[in-house]
Amino acid sequence: MDYVWAVFLILSLIVTQALQLFSLPANWIAIALISLWKYIYPDSMTWTFVAVIAIIAAVAEALEFILQARYAGKYGASTRGTVGGIIGAIAGAIFGAPFFLGLGALIGALGGAYLGCLIAEMPGRSRPEALLAAKGAFVGKALGFTVKTAIGATIVVISIPKIWP
């Protein structure tokens, strides 16, 4: 019966990573599932392992915002534009979620990063400068999403041997 539960958990972990596309907390759901497995099967892994992958998940979340801010700045965004891009990405993910079977959250996050930065940069900046800064926020958000998703996949892959009986 342990094999059935292990297969179920591994498949659940894989499915959680698809939640990244909907801007949902996929890595945290995976950590919760892994923690539940550790609680039910205490000999499968150590709590240190669970803590380390939780720290890795936290780093992934931070990297998503850091990369967006870094690229916005690299493309000329001010602090106001960077913050506008981050707020826009969050708002876009929330408002886009009901569309395209939930995939609108990703589109909304990317578009929101662009528009949020653009709107914040328009006062006091020329149009080409504001558009370039918004492009940086978009590129940074896309790169941050990619890095966070890759780290989430890594968490799943390194957890599978600990779960398999």
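Quick notes on this one:
- Scanning the range 15-41 for residues that are under 20 Å from Ala150 (Cα atoms), crowded, with 16+ Cβ neighbours inside 10 Å and among the small types (Gly, Ala, Ser) yields Ser23, Ala26, Ala30.
- Residues in the range 139-165 that are without any contact (Cβ under 8 Å) to a residue 40 or more places away in the chain and more than 28 Å from Ile40 (Cβ to Cβ): Ala142, Thr146, Ala150.
- Among residues of the range 128-165 being β-branched (Val, Ile, Thr) and crowded, with 17+ Cβ neighbours inside 10 Å, the one that is farthest from the chain's Cα centre (by Cα) is Ile163.
- Given (1) farther than 27 Å from Gln17 by Cα; (2) in contact with a helix residue (DSSP H, G or I) (Cβ under 8 Å, 6 or more places away or on another chain), number of the condition Leu110 does not satisfy: (1)
- Every residue from the range 38-85 that is among the aromatic types (Phe, Trp, Tyr), outside any helix (DSSP H, G or I) and out of contact with any Gly (no Cβ under 6 Å at 6 or more places or on another chain): Tyr41
- Among the conditions (1) out of contact with any Leu (no Cβ under 6 Å at 6 or more places or on another chain); (2) under 22 Å from Ala120 (Cβ atoms); (3) surrounded by 21 or more Cβ atoms within 10 Å (Cβ to Cβ), Gly73 misses just one, which is (3).
Every number here is computed from the coordinates shown, using simple stated rules; none is lab data. Owing to the predicted nature of the structure, the values given are computational and were not obtained by experimental measurement. Cβ: placed from backbone, ideal geometry, glycine included. Neighbour counts: every protein chain shown.
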